[in-house]
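Novice: Below you'll find the structure I mean.
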Amino acid sequence: MVRREITIGDSHEYGLSFEPFDKAAINKLITDYLTSFLKIDVHNIAETWHGIYPKLTNGDTEIFLSPDRGVYILNGVGGAGMTLSFGLAEEIVEQVAGDQQKAGLSYGYMKD
């Protein structure tokens, strides 16, 4: 069976608060643009979703906390996680490993 589907998106909306529901008007802007150059029926949309990405207001790009020895919390990159998360993770792991080495500690992290 051949399925005829297309995934489209995405939009960005910025502000201090967000509604938990998709906005039909924004989806219509996207589908109107799509149909301006592609002959496709967009009246049968199977599903929509949206993400909410918090941003820090102090200029930082991430929050990195260690509330207890060997416990780390890293959160951030405000909607750029697919692009930045692996690089940020590598940077933080190197930082933690360096801090552990300086303190003569080890929490199971092994570096090649």
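Novice: What figure, in Å² to the nearest 10, do you get for the accessible area of Asp10 with a 1.4 Å probe and non-protein molecules left out?
Specialist: Solvent-accessible area, nearest 10 Å²: 110 Å².
Novice: Loop only by DSSP, 10 or fewer other Cβ within 10 Å of the Cβ. Give me the trypsin sites (Lys or Arg not before Pro) in region 1-80 that pass, ordered by residue number. Please list the in-between numbers first.
Specialist: Numbers: sites: Arg3, Arg4, Lys23, Lys28, Lys39, Lys55, Arg69; in loops: Arg3, Arg4, Lys23, Lys39, Lys55, Arg69.
Answer in residue order: Arg3, Arg4, Lys39, Arg69.
Novice: Give me the 1.4 Å probe accessible area per residue for the chain, excluding ligands and nucleic acids, in Å².
Specialist: Details: 10280 Å² over 112 residues.
So the chain comes to 92 Å² accessible per residue, rounded to a whole number.
Novice: Which angle from 0 to 90°, rounded to the nearest 10, does the C-alpha axis of helix 81-103 make with the longest principal axis of the chain?
Specialist: 10
Novice: Continuing with the same structure: Return the label of the correct value of Rg/Rh (Cα atoms, Kirkwood Rh), as calculated from the structure shown, out of (1) 1.16; (2) 1.60; (3) 0.96.
Specialist: (1)
Novice: Quick check on the chain: helices-only [θ] at 222 nm, where DSSP H runs of length 4 and up contribute -39,500 (n - 2.57) each and the sum goes over total residues. Nearest 500, please.
Specialist: Values: 2 runs with 35 residues, N = 112.
Rounded to the nearest 500, the figure is -10500 deg cm²/dmol.
Novice: Amide H to amide H, which residues 5 or more places from Gly76 or on other chains are under 5 Å from it, using H placed in the peptide plane?
Specialist: Ile63
Novice: Of all the accessible heavy-atom surface of region 1-54, with the other protein chains kept in place and a 1.4 Å probe, what percent is carbon and sulfur?
Specialist: Summing carbon and sulfur atoms, their accessible area is 56 percent of the total for region 1-54.
Novice: Relative to the longest principal axis of the C-alpha atoms of the chain, give the angle of the C-alpha long axis of helix 24-35, reported between 0 and 90° and rounded to the nearest 10°.
Specialist: 70
The values are calculated or read from the model by the stated rules, or taken from the named source; none is laboratory data. Predicted model, so just to flag it, every value in this text is computed and none were measured. Quick reminder, even Gly has a Cβ in these numbers, built from the backbone with ideal geometry, and neighbours come from all protein chains shown. To get the accessible areas, we keep the full protein, side chains included, count just its heavy atoms, and leave off ligands, DNA and RNA. Shrake-Rupley method; radii C 1.70, N 1.55, O 1.52, S 1.80 Å.
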